[in-house]
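Notes follow once the structure below has been shown.
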Amino acid sequence: MMKTLLAFAGLSACLCFCLFAAAQSRSRPAQRKAASSSSHVTGEAGRGEEVFRTNCSRCHNAPQELSPRVVRAVVRQMRVRAILTEKDEQALLKFLAP
Amino acid sequence: MAWRLMRIALLALVCQAGAHAQSDVPILSGGAGFLGSTRGGTNLFQPVVAPVLAVPIGDRWLFESRADLREVISQRAPGSAYSTRFFPTLEYAQLDYNAASWLTISVGRFLIPFNMYNDRFSAIWIRNLADAPIILPIGTYTNGYGDGAMLRGSLVSTKTYQLYYTAYFSSLSTIDKLESGRSAGARAGVFFPKIRLELGSSYQRLLQNQQMDSYGAYLSWLPYSVPVAIRGEYAHSPHGHGYWLETAYRFSRFGGQDSLLGRLQAVGRVQQFFRLRPGTGDFLPQTDMQRVDFGWNYFLPHEVRLNASYGRQFAPTGNVNVWDFGVTYRFLFPLYPGGK
């Protein structure tokens, strides 16, 4: 009984997160657009920021600090691990080490 | 002997990378931590260091490796004396060649790319909960590592979707610290960047002794508008099948990611495993098992993370409480100073 209740509670919590997230994504497109247009980063670096926001967070949080000296090696490694294209790699480099 | 040869090879690689270009500085990153766990009253403590080495060579080559060095301090039963044992593991050491966006060739030792947990979330500084999912051994036979070759790449990459694949062959290896099973497998997935939704499936065929097929599917969704991450996997093998579903919510809406509350993350995970055939040595539970976990992560400045979680595990052999706690530190620095 306890087992079923806990499993049910866990699944319900997951479902609630999903529904909440779905509702939020539908109700806030204007905010998202405003946020992206307010960015001062443009061109290749802007695309790099998009690649960073889109791909890196799929697996981990962004590092709090990233020295320009290590950026090339980090991006090269992430190209392999995150299966980035050559264009994505170049854009990411422009964003992280302009 | 194998370790000595590997050290010499690494030194040569680092020197080569340094000679090629000042900007291609090799890096040493990874994580260190102290993990503690109490399972049904039995304690387990693990100081861990997991260094990652990445050495870019020219424009297309990269050598990368990760080791896991841990001391396991454990009890056999509640209240009994502690015993200690050191476990050094070479998790991957591979040479990558970026031939094109659609093809990267890797040779050496690699993490078996089945579903997404083993090669993407197993690092101690990345995983949201200290314990790996119950179904992790499915599809990653025999030990999660492969010695051989792997191909991966992005087949299609547009603004609306990205299609990617991974395929590998691993040979049987009984070399000390480089053990692996003979297997082949593939993974294919699609990622929708506009909604950060990823779906994929995996396959593995074990090609030694008992030949068997394992397959799985996975899902990951990180909506832009809410700081929540929803991930799950399903895996099936002739020995058993199961799934896990995890959600993580970062309280960054409360003053941003660096605020007192914004550094906090709540994590929940449910998982079930169903045993289909009795088996030993498959690293899976011998009976059906269910588990529910709930935990907290707190991201301190300077890449330090505190985590604590509680789980309840249900099995016909007995239900147990599982308490986990730990602190991890993620480091990243160039391998040698100087230069630009």
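The values are calculated or read from the model by the stated rules, or taken from the named source; none is laboratory data. Because the structure is predicted, anything quoted here is derived from the model rather than measured. Note that we place each Cβ from the backbone using ideal geometry, even for glycine, and neighbour counts take in every protein chain shown. Surface accessibility is based on the protein's heavy atoms, side chains included, excluding ligands, DNA and RNA. Shrake-Rupley method; radii C 1.70, N 1.55, O 1.52, S 1.80 Å.
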(message) Could you tell me the extents of the stretch B:52-194's C-alpha atoms along the three principal axes, largest first, rounded to whole Å?
(response) 58, 35, 27
(message) Nearest 100 Å² is fine: what is the total accessible surface buried where chains A and B meet, probe 1.4 Å?
(response) 4900 Å²
(message) Could you tell me the relative contact order of the stretch B:182-319? Use alpha-carbon pairs under 8 Å, at least six residues apart, and round to a whole percent.
(response) 13 percent
(request) Might you tell me the accessible area per residue for the stretch B:84-140, computed with a 1.4 Å probe and given in Å²? (result) 29 Å²
(message) Quick check for me: using +1 on Lys/Arg Cβ and -1 on Asp/Glu Cβ, what's the dipole size of the stretch B:270-340 about its Cα centre, in debye to the nearest 20?
(response) 140 debye
(request) Compare A:Met78, B:Met150 by solvent-accessible area with a 1.4 Å probe and give them largest first, with all protein chains kept in place. (result) A:Met78, B:Met150
(request) Among B:Ser201, B:Ala266, B:Pro51, pick out the residue whose Cα is farthest towards the positive end of the charge dipole of chain B, where Lys and Arg carry +1 and Asp and Glu carry -1 on C-beta, about the Cα centre. (result) B:Ala266
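Given the alpha-carbon gyration tensor of the stretch B:155-208, what are the semi-axes of its equivalent ellipsoid in whole angstrom, ordered largest first, with each equal to the square root of 5 times an eigenvalue?
Values: eigenvalues 208, 22, 15 Å².
Equivalent ellipsoid semi-axes, largest first: 32, 10, 9 Å.
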(request) Counting residues in the stretch B:131-242 as N, plug N into 2.2 N^0.38 Å and put the Cα Rg over that result. (result) 1.20
(message) Which three extents, in angstrom, do the Cα atoms of the stretch A:41-98 have along their principal axes, listed largest first?
(response) 25, 22, 18
(request) Measure of size requested: the Rg and Dmax of chain B, with Cα atoms as the atom set and Å as the unit; please supply both. (result) 20.7, 61
(request) Provide the net charge surrounding A:Ala82, with neighbours chosen by a C-beta distance below 15 Å and charges set as Lys +1, Arg +1, Asp -1, Glu -1. (result) +2
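Count charges around A:Gly48 for me, please; just the other residues with Cβ under 9 Å from its Cβ, Lys/Arg as +1, Asp/Glu as -1. Can you show the working numbers first?
Working: positive: A:Arg47, A:Lys94; negative: A:Glu44, A:Glu49, A:Glu50, A:Asp88.
Net charge in that neighbourhood comes out at -2.
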(message) Taking just the alpha carbons, could you work out the radius of gyration and Dmax for the stretch B:184-340, both in angstroms?
(response) 19.6, 61
(request) Report relative contact order for chain B in percent, whole number only (criteria: Cα-Cα under 8 Å, sequence separation at least 6). (result) 14 percent
(message) If the only charges are +1 at each Lys and Arg Cβ and -1 at each Asp and Glu Cβ, what is the size of the charge dipole of the stretch A:41-98 around the Cα centre, to the nearest 20 debye?
(response) 180 debye
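Give the Rg/Rh ratio for the stretch B:180-275, taking Rg as the radius of gyration of the Cα atoms and Rh as the Kirkwood radius, to two decimals. Mind showing how you got there, number by number?
Numbers: Rg = 17.6 Å, Rh = 15.6 Å.
Dividing the radius of gyration by the Kirkwood radius yields 1.13.
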